[in-house]
1. Take the residues in the range 55-81 that are aliphatic (A, V, I, L, M), part of a helix (DSSP H, G or I) and touching a residue at least 60 places away in the same chain (Cβ under 8 Å); name whichever of them is surrounded by the fewest Cβ atoms within 10 Å (Cβ to Cβ).
2. Take the range 421-444 and flag every residue that is outside any loop (DSSP other than H, G, I, E, B), crowded, with 22+ Cβ neighbours inside 10 Å and of a type in the set (A, V, I, L, M, F, W, C).
3. Going through the range 199-232 one residue at a time, which ones are among the aliphatic types (A, V, I, L, M) and loosely packed, with under 15 Cβ neighbours inside 10 Å?
4. Of the conditions (1) farther than 18 Å from residue 15 by Cβ; (2) modelled with pLDDT of 95 or more; (3) not aliphatic (A, V, I, L, M), residue 68 clears all except one; give me its number.
5. Tally up the residues in the range 3-54 that are part of a loop (DSSP other than H, G, I, E, B) and buried (at least 18 other Cβ atoms within 10 Å of the Cβ), please.
6. Could you list, in sequence order, the residues of the range 119-128 that are surrounded by fewer than 17 Cβ atoms within 10 Å (Cβ to Cβ) and either of a type in the set (Phe, Trp, Tyr) or within 15 Å of residue 42 (Cβ to Cβ) (or both)?
7. Within the range 109-128, which residues are of a type in the set (Phe, Trp, Tyr) and assigned to a helix (DSSP H, G or I)?
Amino acid sequence: MNFKGISYYLSLFCFPFSFLAFINIIYSSYFDYFLNIESYVITLIFSLLLGTILFFFGRNSSKNIDFYEQVSLIILIYLTSAILIAIPYYLSNYQITLVDSLFEAYSGITGTGFSIFSNVKYLDPTLIIWRSSSQWIGGLYFLIFLVLFFSNSQFNYKLNDLVFSEKSLNTETNIQKVSLKVFFLYVLLTSLIFFFFIISEVRLFNGLNLSMTLISAGGFLPANSLQQIIRTNTQEFFLIISFLVSILNFYFVYNAFSKKNFYKEHYEDLSILLLIIVFSGLLLVTLSNLDFFDTIIMILTSLGTSGISLNQTSGNLSLYFLFLTIIGGSIISNTSGVKFVRIYILLKASFIEILKLAKPNNVINHNILFSEKKINDNNIRLSFLVFISFFISLFILSGILLFDNIGFENSFKLAILTLTNTAPSEIYGLNEIDFRSLLTNSKIFLIIFMIIGKIELISFFLIIKKFLIKD
């Protein structure tokens, strides 16, 4: 295990928190919010110190790390980032316990949207920005993980190769080059969403926080409800566009202006857009009392595994929207869930086997959606493993949550939302969960499964195999 190489890369993921803490210090000083400024100073110093120590420890080491070391690095990044994010919560004047601080931090870094804050209205604005920016930085890190680490051809259980042409990049130069490209594109898309809200007259503070939430597929709001932020049809329209940016392939907007064979490379996104139209049409046809924009937003917030919504729906539709969170968005996006392409592969593979039995002499189309790529045994095996591991995790977590006093139905729904990193809301019939009053054991397991929801249970199995099972 290349511990020094891991230490070097881990240090690079610590320094951005120094920048975020510095921004909050400037904001606090400019607007005279001195209530929690000391906590950001401590975070700034600690993140700089930790990053510097790790950097010098691994500076002269080999920077090439294998896939097992990459997965170990990802887990360490989540652990370290959460500790740094938790510092302002724990040192604030809101009497937040260590477990609650870590719970809020992990919810932020994984873009889940669970929160111990029941009334955001009375929070210090700097803490709201810190919570939103933790989602933003978590979304950036996850995209870097997807592009750099989960594109490994040997352990490609994310199936990135089906929608992404880059290969695993292990050299220091390539990692820095690709990370910078992801960073600048991420900032550009965030700025674009922020611009949409500004021109539609959303309050500047709310627009900034909401743009960070949407680009990261998060679920934290700078207000107690989305209705307090989004009030006009124009704002709803731009909200829909913003959801689409986070649901579709991260490179969708960039490639739309830079590639000639755009449609061939983004067949997954075109299929997801078609899926959105179908699901929205079904709701509008069956329930005539729903508003058009509200319906689209409910579909998008579920597929985008965000969870923020404008209106409350009938409890009969909660399972419908929960099902959409399980489907998720594009493979190369901040959305969680099983993913549409994996479900498509499993369904088509089953159909092919049935067709072989019924008409063995027929030539069967193995193409994936509208692309030239074909379904193979490895695709099927990996999709099945992810599908099964999702439901194993679901049954384990829902069973654990039963020990808390929230009931069977709420335990099951909360487990689904945890594994899909989706915020609870009215459309899932789960908007009254008081996370602060949950048992400590429940919070700890929710934290564990938030991370599993992001990087897959298979990642942990591979690490266990590496250390416990010798070849």
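The values are calculated or read from the model by the stated rules, or taken from the named source; none is laboratory data. The structure presented is a predicted model; accordingly, all values stated were derived computationally and were not measured. FYI the Cβ positions are ideal-geometry reconstructions off the backbone, even for glycines, and counts take in every protein chain you see.
1. Residues of the range 55-81 aliphatic (A, V, I, L, M): 65, 71, 73-77, 79.
Within this subset, residues satisfying the condition of being part of a helix (DSSP H, G or I) are 71, 73-77, 79.
Pick out the ones that are also touching a residue at least 60 places away in the same chain (Cβ under 8 Å) and you get 71, 73-77.
Details: 71: 24, 73: 21, 74: 24, 75: 14, 76: 16, 77: 22.
Result: 75.
2. Passing the criteria: only 427.
3. Our first condition is that a residue be among the aliphatic types (A, V, I, L, M); within the range 199-232, this holds for 199, 202, 204, 208, 210, 212, 214-215, 217, 221, 223, 226, 229-230.
199, 204 - these are the residues of the range 199-232 that are among the aliphatic types (A, V, I, L, M) and loosely packed, with under 15 Cβ neighbours inside 10 Å.
4. For residue 68, the exception is condition (2).
5. Pass one, the range 3-54, residues part of a loop (DSSP other than H, G, I, E, B): 13-14, 31-36.
Then keep just the ones that are buried (at least 18 other Cβ atoms within 10 Å of the Cβ); that gives 13-14, 36.
Residues that pass the stated criteria total 3.
6. Scanning the range 119-128 gives a single hit, 122.
7. Just the residues of the range 109-128 that are of a type in the set (Phe, Trp, Tyr), to begin with: 114, 117, 122.
If the condition is that a residue be of a type in the set (Phe, Trp, Tyr) and assigned to a helix (DSSP H, G or I), then 122 is the only one that fits.
Residue-wise test of (1) among the acidic types (Asp, Glu); (2) under 25 Å from residue 311 (Cα atoms); (3) without any contact (Cβ under 8 Å) to a residue 24 or more places away in the chain.
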| site | (1), (2), (3) |
| --- | --- |
| 178 | no, no, no |
| 234 | no, yes, no |
| 239 | no, yes, no |
| 257 | no, no, yes |
